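This report refers to the structure that appears directly beneath it.
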Amino acid sequence: MSVKIRLQRHGKKQKPFYWIVAADARAKRDGKFLEKLGTYNPNTNPATIDLNLDQAVQWLHNGAQPTDTARAILSYKGALLKHHLDGGVRKGALTQEQADAKLTAWIEEKAGKVDAKKEGLTKKQAEAKAKALKAEQAANEKRVNAAAEAAKANEVTEEVVEETTEVVADAETPAAEEASEETEA
């Protein structure tokens, strides 16, 4: 029986969520598995991976072959490096302490890169939010200025209408007097 380390799809449409499992190569993709090694969520940025490193390395020692995607995930989390270093320890090229030190240094470096990416994404998100707020404030200011100008123009128009009404009323009064004089005669 050949064993594969592969992904099992879960989640809903357009929102995948994967389990990383050790399964018989003949089993269906989402079917029976031997052991669940972790989870992988590609919906977050950066992708969230929860992997039991020791179990994954144990399956690699036993001859399990990872699929391409599973290999990339195992490499990203350091399982393949640990498997490689354990091979060096078995051959006598390294001591267990040296192998553990190399693995720890690599994991810390990787964690630093991931944290830097998260900080960069947070910073970009904050900058985008600040830019959107500034644009919204400018749009609100334009709207307030336009409303003030419209109100001012409306007041001027009302004053002109009142003056015109007064002028027309003054002009109609003598004409009304002339008309009343004509009716009297």
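The values are calculated or read from the model by the stated rules, or taken from the named source; none is laboratory data. This is a predicted model, so every value here is computed, not measured. With ideal geometry, Cβ positions are generated from the backbone for all residues, glycine too; neighbour counts draw on all protein chains shown. For the accessible areas, the whole protein counts, side chains as well, though only heavy atoms, and no ligand, DNA or RNA atoms are used. Shrake-Rupley method; radii C 1.70, N 1.55, O 1.52, S 1.80 Å.
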With the first residue restricted to region 44-55 and required to be small (Gly, Ala, Ser), and the second required to be assigned to a helix (DSSP H, G or I) and open to solvent by less than 60 Å² (accessible area, probe 1.4 Å), Cβ contacts under 9 Å at 6 or more apart or on different chains are Ala47/Ile73
Lone qualifier among Val144, Val156, Val114, Val160 - being among the β-branched types (Val, Ile, Thr), in contact (Cβ under 8 Å) with a residue 40 or more places away in the chain and out of contact with any Phe, Trp or Tyr (no Cβ under 7 Å at 6 or more places or on another chain) = Val114
So is Asp54 modelled with pLDDT of 90 or more, of a type in the set (D, E, K, R) and farther than 16 Å from Trp19 by Cα or not?
-> yes
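For (1) open to solvent by less than 60 Å² (accessible area, probe 1.4 Å); (2) under 30 Å from Ala25 (Cα atoms); (3) modelled with pLDDT of 90 or more, each residue gets a yes or a no:
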{"residue": "Ile73", "(1), (2), (3)": "yes, yes, yes"}
{"residue": "Ala79", "(1), (2), (3)": "yes, yes, yes"}
{"residue": "Gly120", "(1), (2), (3)": "yes, no, no"}
{"residue": "Val144", "(1), (2), (3)": "no, no, no"}
Hand me the list of strands (runs of 3 or more DSSP E) wholly inside region 1-64 holding 1 or more residues that are in contact with a Leu (Cβ under 6 Å, 6 or more places away or on another chain) and open to solvent by 40 Å² or more (accessible area, probe 1.4 Å).
-> 15-24
Can you name the number of the only condition in (1) farther than 25 Å from Ala47 by Cα; (2) part of a helix (DSSP H, G or I); (3) open to solvent by less than 80 Å² (accessible area, probe 1.4 Å) that Lys134 fails?
-> (3)
